[in-house]
Amino acid sequence: MASTLLSKSLLVNRFAHSFSAPSGKPQIFASFFNKKLFHSQVNSASVAHNPTRRLCSFMASSVAGARAQFSTKSLSMDDPVVSPDWLHSNLKQPDLKVLDASWYMPDEQRNPIQEYQVAHVPGALFFDIDGVSDRTSKLPHMLPSEEAFAAVVSALGIQNEDGVVVYDGKGLFSAARVWWMFRVFGHDRIWVLDGGLPKWRTLGYDVESSASGDAILKATAASEAIERIYQGQAVGPITFQTKFQPHLVWDIEKVQENITGRTHQHVDARSKARFDGAVPEPRKGIRSGHVPGSKCIPFAQMLDSSQSLLPADQLKKRFEQEGISLENPVVTSCGTGVTACILALGLHRLGKHDVPVYDGSWTEWGAHSDTPVDTAS
C-alpha cells in the first residue's frame, strides 16, 4: 500500500527522493511505523554537561505538569508568536497542532523535507509551501484557492477549533507565510514558534526523527487532495471550514492603484541592495528596483540574533525610522510573498492586525514590462 501511496503523491515522492537506501528503496519505508525521539549528539552532550540547561529542562517539565489542563482557546491572538518553553509545556494538548513549514531559497541548497526527516518537533506535520499553492499560476507558491486550502488542511487533520503553531528550520522565516495563509482563510488561532526549530533545539528540547505512519498518510492525503481539486475531481470530507479574508491579500492591480491613490504605505522586505536596484534579482527575467513610492525595511530587521521577533518597542522604532506611520494602513511585499509576511507578523505584534501582503510581490511586478520601476540611481 505504501508504494501505491508514494507513487500517487508529489509530496511523498519528494520525501522518498530525499532518502535512498543502498538497496535503492527509500529508507522512509523502514521508518514508516518506527517513530523515535532523540537529541542530536551535540545537543545531548550539551544537556548532559550543562547544569543550566538541565535546570531549564527540569523547570520546563514542572511547568508542563502545572499546565496539564491548558487549552489553546485561552491563548491570546494579539501576539502572533509563542515561545519554545510554552510549546514544550503544551505540546500534548489535544486541540494543538504543530506544523513544520520550512522552506529555503534555491541558492541555499537545503532540502526542507530531508531536514524534517532528520529532526522535527515531536508530532509536527510537514506543510509544503510550494505544494500548497495555486497550480494555475506560473508564479512561485501563490496562494491556493479557498477550496484547495480547505481540502489540504482537512487532510492534515486540523479542525477549526484547533490552535496551530507553525515553525521553520531557520528560526523565523517561512513559518510567517503559513501564519498569514491561515489568517487569509479565516483561521486566527495560529501562532509562530519564536526562534523556530533552532531555538527549540538550543534549549535542549527533544526532536523526533523520521516521519511516523500517521504523518506520511496525512502528507499523502494532503498532496492528493490539492491535486484532485485542481483537476476538478472530488475529494474526501472537508472538516476545516474557510472564510476568505480578501483585505489581507493584494494582487498587482491593487498595487498599481495604490501608486496613485496612496491609501497604504508600501513596505518592501527585500534587501536594500535589491530594493535600490544595485544588484540583479536572483530570478532570471526580473527587473531590478522597487515599486514607486514604496520603502524598504529588510525582514531581518524584525528579528534579533536568535531569529526571534523583536519586542514591540524595538519593532516600532524600526518602522518609525523609515517614516512608516503606525496610525495609517500598511501593505507589505518582498520577492515571492514569503518574507513580506515577517513584516506583517511584526506589525501584528504592534496591534496592526489587518496588514495585506502583495502575494505576487517583486517576482510578479518585476517580470511585467509595463509596470513602473524606481531605482536609487
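The values are calculated or read from the model by the stated rules, or taken from the named source; none is laboratory data. In this text, all values refer to a predicted model and were calculated from it rather than measured experimentally. Heads up, the Cβs are rebuilt from the backbone with ideal geometry, glycines too, and the neighbour counts pull from every protein chain shown. Note: areas computed on protein heavy atoms with side chains; ligands, DNA, RNA excluded. Shrake-Rupley method; radii C 1.70, N 1.55, O 1.52, S 1.80 Å.
Brief remarks on what is shown
- Rounded percent of accessible protein surface that carbon and sulfur make up, region 246-367, 1.4 Å probe: 49
- Order of exposure, largest accessible area first, which applies to Lys218, Lys243 with probe 1.4 Å: Lys243, Lys218
- Under 5 Å from the amide H of Leu193 lie the amide H atoms of Val82, Val166, Tyr167, each residue being 5 or more positions distant or on a separate chain, with H modelled from the backbone and absent for Pro and chain starts.
- Rounded percent of accessible protein surface that carbon and sulfur make up, region 76-231, 1.4 Å probe: 49
- Under 14 Å from the Asp134 label point (7 Å along Cα→beta-carbon), backbone N, region 340-376: 357-365
- On a per residue basis, region 246-367 carries 41 Å² of accessible surface, using protein heavy atoms and a 1.4 Å probe.
- Expressed per residue, the C-alpha convex hull volume of region 216-255 stands at 126 Å³.
- Global form of region 157-273, assessed from the alpha-carbon gyration tensor, a/c cut-off 1.5: oblate
- Extension gain, Ser306 back to Val373 (0.36 nm per residue minus Cα-Cα distance, nm): 20.7 nm
- Relative contact order computed over region 236-377 (Cα-Cα under 8 Å; 6+ residues apart), in percent: 32
- Approximate spin-label separation Val279-Glu322, in nm, with each point projected 7 Å along Cα-to-Cβ: 1.6
- Kirkwood Rh in Å, taken over all unlike Cα pairs in region 157-222: 13.3
- Over 27 Å (Cα to Cα) - which of Lys170/Lys243; Lys97/Lys352; Lys138/Lys352 fall in this group: Lys170/Lys243; Lys138/Lys352
- Here the Kirkwood formula, the inverse mean of 1/r across different C-alpha pairs, assigns region 76-231 a hydrodynamic radius of 15.7 Å.
- Rg and Dmax [Cα atoms of region 246-367; Å; Rg one decimal, Dmax integer]: 13.5, 40
- Region 322-374 and region 76-91: distance between their alpha carbon centers, rounded to Å: 26
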